[in-house]
Structures are given as structure tokens and as C-alpha cells.
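Reviewing the structure listed below.
The values are calculated or read from the model by the stated rules, or taken from the named source; none is laboratory data. Note that the structure is a prediction, hence the values are computed from the model and not measured. Positions of Cβ are generated from backbone atoms using ideal geometry, with glycine treated the same way; all protein chains shown enter the neighbour counts. With ligands, DNA and RNA removed, areas are computed over all heavy atoms of the protein, side chains included. Shrake-Rupley method; radii C 1.70, N 1.55, O 1.52, S 1.80 Å.
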Amino acid sequence: MSESLEEADLAAIAEVFTNYRIVDLSHRLQPGIPHFPTHSAFFHLPWSSINDPATMNVLLMHEHNGTHVDAPLHLILDSSKVDPEAHGIHNVSIDSLLGPCCCIKADLAAEETLSEADIKKWEDQFGPIAPGSVVLINFGWHKKWALGEAGLEYVAGWPGLDRSAAQYLLAKQVKAVGTDCLGLDTSTSPDIPAHDVLLINGVLIMENLANLDELPPRSYFMAFPLPIHKGP
């Protein structure tokens with residue numbers, strides 16, 4: 001920071017975090033968590049040395065295990081527009097995932113899609129989505145998250161956004177869109193409209209979110225992804 005904070009400023013910041021409830025939206029990383037069928041699983045392996053008494057482990061994981069952020073690099077269908085340096089997660093500014101949050105409840109069945117009309121119904125009830133907002137879609141899918149075979153239901157048939165919803169959120173100038181499903185598009189989507197519309201335009205995607213039932217329709221969102229060089 002370029003300027004030091006005054007004591008009154010620090011007190012005001014402390015008061016905000018003291019008087020508001022903080023909800024962690026990340027699933028715990030542990031062996032056996034659900035993962036995309038084409039992605040590797042998560043491994044937490046012991047690492048020890050006879051010359052070091054410390055307890056240590058090695059993490060072996062796919063970049064999209066657990067609760068995570070999709071950088072633009074993750075999926076840009078036109079390969080001629082891909083720039084790993086510009087589109088990697090390392091190039092995402094720290095305030096790209098900070099801002100007012102709108103949590104949309106959408107109890108849809110397997111493979112069903114959320115439309116622009118559905119989002120407008122939410123706005124009719126809770127007010128317009130402002131530019132710079134983070135939008136989270138609560139499909140209720142986080143309730144299916146479980147370890148091992150019990151989690152197989154989570155990785156099949158999840159709902160998602162249709163193209164009209166993705167285009168509407170892009171027009172609303174949101175910063176990011178999140179879901180409690182394995183992906184923001186449905187599991188069998190042939191044209192992945194949410195990824196296609198949002199990522200190339202710099203709107204980040206968050207997947208495998210937890211605890212969305214604990215959020216009110218409006219809150220404040222903060223996330224800090226790992227700045228992996230050229231990470232998707």
C-alpha cells in the first residue's frame with residue numbers, strides 16, 4: 001500500500017470483520033474428494049527425511065481439484081486468441097475477486113439450465129445486479145459433495161447456465177460467476193456457453209463452491225487464488 005493507514009481506519013476495518021459473519025465457501029482438500037472425470041485426483045502424501053524431524057507432506061493435485069477459480073486461459077475456444085502470459089491466473093489482479101456478492105438460489109434438476117429470465121426474476125425480488133459484482137449460483141449441488149463412491153452423484157448430471165444467462169451477466173459487467181457444481185456449464189453441454197462467453201471476456205469462473213445455503217441474497221465476497229504462472 002502506498003499510504004499508511006490511520007488508527008481510525010484500522011479500527012473501522014477491524015469493526016467490519018468483527019461484526020459480520022464470515023462464511024468459508026471452500027471445500028476441504030483431502031483424498032477422495034470429487035473431481036472432474038478427465039482430471040487427476042487429489043493426493044496428500046507423507047514426505048519425511050531422516051535429517052529433518054518436522055512433519056511434512058507433498059500435495060499432488062490437479063489445478064482444478066476442489067473449490068477453485070478458472071482463469072481465462074482455462075478455456076478459450078478460439079486458440080488464435082490464447083495468450084498464456086496475459087490469460088493466466090498469475091495475471092489476475094487481487095481485486096478481481098473482491099466485491100459485492102449476489103447469491104442466486106436456483107433449485108434445478110439434473111442437466112437443467114439457468115436462463116436470463118431466471119436471473120431477472122431474482123433481480124425483480126432482490127434488486128439489480130450492479131457492475132463489479134460477484135454472482136454465485138446456488139443450485140443446491142454442494143449437498144451432494146462427499147468422499148469416494150458417495151461423491152459419484154456430485155460428478156454426474158449437474159445443472160448450469162445457458163448462453164442467454166452468460167451473455168446477460170457479461171452485459172451486467174460482473175467480475176466473476178461461481179457455482180456449487182463441478183462446472184458452470186451443464187455436465188453434457190455440447191457448446192459450453194458459460195465458459196465460451198465469460199472467460200474470453202475476462203469474467204472469472206469459480207466452481208465447487210461450498211456452504212452457499214449460508215449466504216443471504218446479498219453479501220460481500222473475497223477470494224485469493226494461487227498466483228501460479230500461466231495457470232489456467
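Quick notes
- Here Ile119, Ile129, Ile137 are screened, and the one residue that is in contact with a strand residue (DSSP E or B) (Cβ under 7 Å, 6 or more places away or on another chain), touching a residue at least 40 places away in the same chain (Cβ under 8 Å) and in a strand (DSSP E or B) is Ile137.
- Condition met for Leu10 (in contact (Cβ under 8 Å) with a residue 24 or more places away in the chain, among the aliphatic types (A, V, I, L, M) and either open to solvent by 90 Å² or more (accessible area, probe 1.4 Å) or closer than 30 Å to Cys181 by Cα (or both)): no
- The residues listed here are Val135, Val92; of these, the one that is surrounded by 19 or more Cβ atoms within 10 Å (Cβ to Cβ) and modelled with pLDDT under 90 is Val92.
- Selection from the range 38-60 of residues that are within 22 Å of Leu204 (Cβ to Cβ) and open to solvent by less than 80 Å² (accessible area, probe 1.4 Å): His39, Phe42
- Test: residue in the range 73-81 that is over 18 Å from Thr179 (Cβ atoms), basic (Lys, Arg) and either open to solvent by 60 Å² or more (accessible area, probe 1.4 Å) or more than 15 Å from the chain's Cα centre (by Cα) (or both): yes
- Residue pairs meeting the criteria (Cβ under 9 Å; at least 6 apart or on separate chains; first farther than 30 Å from Gly183 by Cα, in the range 38-52; second open to solvent by 90 Å² or more (accessible area, probe 1.4 Å)): Pro46/Thr55; Ser48/Thr55
- Looking across the range 147-168, the residues that are aliphatic (A, V, I, L, M) and surrounded by fewer than 20 Cβ atoms within 10 Å (Cβ to Cβ) come down to Leu147, Ala150, Leu152, Val155, Ala156.
- Which numbered condition Ala130 fails, given (1) open to solvent by less than 10 Å² (accessible area, probe 1.4 Å); (2) within 27 Å of Gly99 (Cα to Cα): (1)
- One residue stands out among those in the range 169-218 that are open to solvent by less than 40 Å² (accessible area, probe 1.4 Å) and part of a helix (DSSP H, G or I): the one that is nearest to Gly151 (Cα to Cα), which is Leu212.
- Just so you know, in the range 219-232 the residues that are outside any loop (DSSP other than H, G, I, E, B) and under 13 Å from the mean Cα position of the chain (by Cα) include one that is surrounded by the fewest Cβ atoms within 10 Å (Cβ to Cβ), and it is Met222.
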